[in-house]
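Worksheet: the structure to be examined is printed underneath.
The values are calculated or read from the model by the stated rules, or taken from the named source; none is laboratory data. Values in this document were obtained by computation on a predicted structure and should not be read as measured data. A quick note on method: Cβ atoms are made from the backbone with ideal geometry, for glycine too, and the neighbour counts reach across all protein chains shown.
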């Protein structure tokens, strides 16, 4: 049956050709209109300077190619009913995608002001690249998009993420030859090594080589074609080439290419889904489209070639208001699309153009997959309390906290076989999350050997040694309505920090758009933290991502620093239920002290911060002499130890210990929804007593968070100050002046009153630190004897 | 002549084979010793549990391959006198590289404690992966390295950067198959599209496919070999394969492969340097080495295969202290290298091993190119004052400030034809730095067409649409002693933020090492800032890199926010002269107001911050009513405008305006060498008057910087609070509450005294903001009329 369909698709009859071409001309016309026009949108009168925008902004060069592809994929959808989404890698072709949504009617459905008539068209033109309007790149406001234009490199990772566990979905991913130069893009071709044709949907990459980027030629467009094809075949693709600028020839050839690609995809899927797959990774089809940059635009301007060169990247004709020749050229150019055939008297697209749009939600601009909140369902979550560690007495027993999270995720995997995935750069076991392998292998479509472990075709744990792939796949998975977690080493989370920033911006921009429904949060787990890296060195010690997320807007940024297993479980459960946040969870993977029972943990996490009475000597009846606060596991251990030293050695000295799990509770409520009330803040931190705060990240973050709180200057913050090397966690706290001894000295130095014995205790602390220094130097090789919290007594 | 050399190289005689193999066995022995031994380093007695380190850490798997390659490249150097450096992409093979430096004598020269005798060997073993010792990965402490192990992906970019303008240098870059999965690595093969064989040196990539990463197989090792080879040929390389685990066969075949590769490189260079190059990009050779992971290690442990699998990634034999079988296995393994043949009675390498090392500085562990400070020469800099803009009256005329920097760099290019380069993701013209094209084209080795502009074989401006490549190339260029600048869009600087972090850490770690001499600073210019993006949207608005660098240690981090052209010139001159810093310069590229004459600019930049008397109404005789401070161009314009409004409308109100160019002057001197004294700080900011601070980046940064300064709570900071869209710079300041009107209201709200007329002025400010709001909404399409600082009057 499908063979017949493919044949039909491959052959354009004259009527179809006319319809396709009309749609394409309309899209191009609207693209140019967006860049140039502020009046006379339908060219009902001769073009005059006052019809031209005073400032010309936008990107023409990539747009005609994007629209051509869009037109043809729409035809494919109409013929086949294939569900498809469109990801425009050359994101500055925004006007093309906006034009497509407008021609399909979706734009007016979402933004009624931009109606399908002359007034709406004028609105469409005026809003583009204008203050308070829409950007020149594809953005959150563009219907049908899950892929922001601008920061290049992620179109394939988003596409692959979107089709995982989405067997009926086709993601058409257009890659510009500029984007193709980026590292993240080049690293993302390998998505097919993880894509199961039976269970997942398909990505159709279309490498659009139009030859130039902003100001010069691209590498791929200037390499010999056989090298480019060899490269893509080496990545595992079957290359289908379409090249030229002749019309209708390009329509005919592109239709045939697309038919062949879709037919091949369906063959691969059909075989895999009907027991006819030998398990070899398929050669997935890919189209290389070579068409001139700025195709159908003015060939020459002022005697210089424009179309086919970088000069058509943005605005091929400048100074149109003041230059009569350019104005005439623009008019001729616009009229070359014969707008009078494309729009009716009211200004609406004519019937033949309307007919090009697939039905309803099959329109790519209206696909629910590109507005994943529509498809988002709650996870079936087990009761996280059942994974709890029993804690008889706080701070006495150790456990690997993340192991419990692994068990929780194992059962989430089992209960949600199509809507939950873990993404990790080859560190799932290292991060103690290996329990997931009890129910799912790693996904892998390349050769698997007999003695491989927990890896195979049916695996759904995503491990690839690329933070960019992991992060981007999860984004695509989230934005199409499914849940997951990205787990990585803390220092190397900076590799994908720009993706975290950009995804956070996407979520922020989506919030005020009523038509974009909330999607599952992006959950990021950071382990192997700055404080504990064993045999690794300074390059592995960097809590930078905390600060990056902290600077995101309060409506998306969430930072959690659970100090032990039960708080981690409670935090994770909360994150898995949440929507449209960036949830950053930081916790070490090594055995660590356990403090709270599961009930205490839930109560603690619910408040986000609280007094640990058992750790202090504060009776609550009056202000303590000092508040010791902490956020983060290793520094919490040091703070608890400091409180213990003070308790044991200066019994009359009143110490209150406050632990913070949810960092955002420290912010004023007017600046963050999690911000605790002034009353609660004062209950915890008083409003006059000095606070010695031991923090996992850079100390400035706490100053930033408590800014505007009562007498914020009384917060003395210790944290990571970029002192590191290959050493023990305890030595790390010494180097960064955050050890128990430093905290005790800080407490005494800042206390409301100095009790008897304070001077002796300070001297003792100093001597302990000196002993430690000698100890580290003398016992270089003896890791266990100086490791962790074990220090000379 | 060289043909004969190649033939000699390709054929190993028995003596050479014996020497090579002895060296390799010694390196492997020392590698295992570092992982396992704390005593009995030469196995002079039977191995006992107490000889074993209590905690076993390190990475064996990749090490034997790294050492094999090292041995063979050393032989190549001995035969040919080729200058070479070695970059170990699989950076956790640290013990192999440390062993190599030790065998070559360099290690003991640098670290006399680690002498070439039994005591020194014990020191070598004990320091490894131990607190206070060295990390398990290649690090700054490793002689001969310019490439930190850990964060994967940059080995090729560092290698290409190192050989630019270094015609006699060969950079041997070993790429692990784990690293080969990362985006940055995949994006870096294209270095050869920018490498000129006549003028630049050569990179020899050796893709070391040993099959596994931490916990599973790698993509490339499991793809069909023809796909891998096709991929690499598609990247433009000639693939030379060596595969197996047989000995001495592997030595013989690798020697032949290396000879062929080197011969090919010399042919290419020779042709290009002697007028026999047609300009076609050469097919550079590349070696694919397939050898088992953990090669020569124990095949099986406890009945499970180890060598050749991921199980040999780190420590193939665990629990050796407590497991007699494992202890015996370890002893057998160590003795299989016949240490008694490798080290003499004193414990020093025997003569045949010493003979393997090239002479002096030709040893790769002693190459001056890997300690680029040795080769660093001052740039020949023109007098930056000659590029100055004439400023008759401050704040009245506009100019594109970065254009002046472009002119300065043009002349730096001309004066320093081999030691200065600009690296930019295709934005040199967009960033108004295009003057450099008057003296140098863009570098490009792919096809160049007749109508291309400023691009060609001889070009030395590096443009590639990849922040990772640009940043990494510059790092390699810097670390080998040459100067440059990386210019990019502010928001997308986050793409390479992890590289900025890692390079900063490298510089930090190098400072205390007396043998590592200072290298040129990494200069980063950020334009197209958060505040001014015209047709771009929220995704293009992010001042994140400022915060990232701010959190680096004071001995490397430098942040400059010049407000105009002359301050930019002064700052740039300073940066080009500096050593071993990360210099971040942030300035917009669009026409902007000019404030200071060149002399004023020099004085201002020298202090780093200062009062602009002409802007305020402060007579200096007593404290002002308010201090308005600013850092960053757009916010400086708003602050100057706010001061003007106050001056004109409330003449009796005393305003002081402080502009900060060098952000680090705000920090206390004990925390940063640029930190201004308390006296100067108080002179500028008083110690009691409130300060309204308008900042280019996130406001928290200023709170962080002034922490600990007198009454730091009095700083009211406005800055970028993640409010953005496609709009004008003025509207951006309104959205982020940093506009002139907000600043006036802030000033009045926080002033020491409220003058008569304050209430009216506040009301007027509010009405102006309301007008602006209506204005933006009504005039969507009219960019120039609402652009910049033009606001309704």
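Within the set of pairs 6+ apart or on separate chains, which have a first residue in segment B:756-781 that is surrounded by fewer than 19 Cβ atoms within 10 Å (Cβ to Cβ), a second that is at pLDDT 60 or above and not in a helix (DSSP H, G or I), and C-beta atoms under 7 Å apart?
So the pair list comes out as B:757/B:650; B:777/A:132.
Answer with yes or no whether residue A:620 is assigned to a loop (DSSP other than H, G, I, E, B), within 28 Å of residue A:491 (Cα to Cα) and modelled with pLDDT under 95.
It is false that residue A:620 is assigned to a loop (DSSP other than H, G, I, E, B), within 28 Å of residue A:491 (Cα to Cα) and modelled with pLDDT under 95.
Of the numbered conditions (1) part of a loop (DSSP other than H, G, I, E, B); (2) over 17 Å from the mean Cα position of the chain (by Cα); (3) at pLDDT 95 or above; (4) more than 14 Å from chain A (Cβ to nearest Cβ), residue B:407 fails exactly one; give the number of that condition.
Here residue B:407 meets the rest and fails (1).
Exactly one condition in (1) in contact (Cβ under 8 Å) with a residue 12 or more places away in the chain; (2) touching a helix residue (DSSP H, G or I) at 6+ places or on another chain (Cβ under 7 Å); (3) within 14 Å of chain B (Cβ to nearest Cβ); (4) closer than 28 Å to residue A:308 by Cα is not met by residue A:236; state its number.
(4)
Please go through segment B:544-559 and pick out each residue that is assigned to a helix (DSSP H, G or I), in contact with a helix residue (DSSP H, G or I) (Cβ under 6 Å, 6 or more places away or on another chain) and either more than 9 Å from chain A (Cβ to nearest Cβ) or without any contact (Cβ under 8 Å) to a residue 40 or more places away in the chain (or both).
Listed by number, the list holds a single entry, B:545.
Give the residues of segment B:560-575 that are out of contact with any helix residue (DSSP H, G or I) (no Cβ under 9 Å at 6 or more places or on another chain) and either closer than 23 Å to residue A:724 by Cα or buried (at least 24 other Cβ atoms within 10 Å of the Cβ) (or both), sorted by residue number.
none
Which is surrounded by fewer than 24 Cβ atoms within 10 Å (Cβ to Cβ) and over 21 Å from the mean Cα position of the chain (by Cα), of A:212, A:198?
A:198
Tell me, which helices (runs of 4 or more DSSP H) wholly within segment B:46-114 include 3 or more residues that are surrounded by 24 or more Cβ atoms within 10 Å (Cβ to Cβ), assigned by TED's automatic domain parsing to the domain that holds residue B:253 and modelled with pLDDT of 95 or more?
Filter on segment B:46-114 gives B:63-80, B:94-103.
I'd like to know if segment B:478-496 contains one or more residues that are free of Cβ contacts under 8 Å to residues at least 24 places away in the same chain and not assigned by TED's automatic domain parsing to the domain that holds residue B:707.
no
Taking the condition more than 10 Å from every other protein chain (Cβ to nearest Cβ), in a loop (DSSP other than H, G, I, E, B) and farther than 21 Å from residue A:385 by Cβ, does residue A:532 pass?
Answer is yes for this residue.
Check off (1) more than 8 Å from chain B (Cβ to nearest Cβ); (2) touching a strand residue (DSSP E or B) at 6+ places or on another chain (Cβ under 6 Å); (3) within 29 Å of residue B:490 (Cβ to Cβ) for residue A:161 and give me the number that stays unchecked.
(2)
Filter segment B:421-435 for residues that are assigned to a helix (DSSP H, G or I) and more than 12 Å from chain A (Cβ to nearest Cβ) and give the result.
B:435
Filter segment B:460-473 for residues that are closer than 22 Å to residue B:376 by Cβ and within 11 Å of chain A (Cβ to nearest Cβ); which is surrounded by the fewest Cβ atoms within 10 Å (Cβ to Cβ)?
B:461
Kindly evaluate residue B:588 against the criterion of being over 26 Å from residue B:678 (Cβ atoms), in contact (Cβ under 8 Å) with a residue 24 or more places away in the chain, buried (at least 24 other Cβ atoms within 10 Å of the Cβ) and more than 9 Å from chain A (Cβ to nearest Cβ).
Here the answer is yes, as residue B:588 does meet what is asked.
Residue A:541: at the interface with chain B (Cβ under 10 Å from one of its Cβ atoms) and over 28 Å from residue B:95 (Cβ atoms), yes or no?
No, not satisfied.
Conditions tested, residue by residue: (1) surrounded by 20 or more Cβ atoms within 10 Å (Cβ to Cβ); (2) facing another protein chain (nearest Cβ under 7 Å); (3) touching a helix residue (DSSP H, G or I) at 6+ places or on another chain (Cβ under 7 Å).
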{"position": "B:155", "(1), (2), (3)": "yes, no, yes"}
{"position": "B:178", "(1), (2), (3)": "yes, yes, no"}
{"position": "B:223", "(1), (2), (3)": "yes, yes, no"}
{"position": "B:244", "(1), (2), (3)": "no, no, yes"}
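Restricting to segment B:576-589, what's the tally of residues that are in contact with a helix residue (DSSP H, G or I) (Cβ under 8 Å, 6 or more places away or on another chain) and either part of a loop (DSSP other than H, G, I, E, B) or not assigned by TED's automatic domain parsing to the domain that holds residue B:534 (or both)?
Looking only at that region, the number is 5.
Taking the condition crowded, with 24+ Cβ neighbours inside 10 Å, closer than 30 Å to residue A:723 by Cα, touching a residue at least 40 places away in the same chain (Cβ under 8 Å) and more than 9 Å from chain A (Cβ to nearest Cβ), does residue B:144 pass?
yes
Report, by residue number, each residue of segment A:436-452 that is surrounded by fewer than 21 Cβ atoms within 10 Å (Cβ to Cβ) and either part of a helix (DSSP H, G or I) or out of contact with any strand residue (DSSP E or B) (no Cβ under 9 Å at 6 or more places or on another chain) (or both).
A:437, A:438, A:439, A:450
Can you report the number of residues in segment A:704-721 which are in contact (Cβ under 8 Å) with a residue 60 or more places away in the chain and in a loop (DSSP other than H, G, I, E, B)?
2
Go through segment A:115-141 and count every residue that is within 13 Å of chain B (Cβ to nearest Cβ) and assigned to a loop (DSSP other than H, G, I, E, B).
Adding up the residues that qualify gives 12.
Could you please let me know if residue B:573 is part of a loop (DSSP other than H, G, I, E, B) and either outside the structural domain of residue B:701 (by TED's automatic domain parsing) or more than 15 Å from the chain's Cα centre (by Cα) (or both)?
When the stated conditions are applied, residue B:573 does not pass them.
Scan segment A:474-499 residue by residue and report those that are out of contact with any strand residue (DSSP E or B) (no Cβ under 6 Å at 6 or more places or on another chain) and within 14 Å of chain B (Cβ to nearest Cβ).
Passing the criteria: A:475, A:488, A:489, A:491, A:492, A:494, A:495, A:496, A:497, A:498, A:499.
Counting only residues that are surrounded by 14 or more Cβ atoms within 10 Å (Cβ to Cβ) and over 12 Å from residue B:18 (Cβ atoms), which one in segment B:343-359 is farthest from the chain's Cα centre (by Cα)?
Filtering segment B:343-359 for residues that are surrounded by 14 or more Cβ atoms within 10 Å (Cβ to Cβ) and over 12 Å from residue B:18 (Cβ atoms), the one farthest from the chain's Cα centre (by Cα) comes out as B:344.
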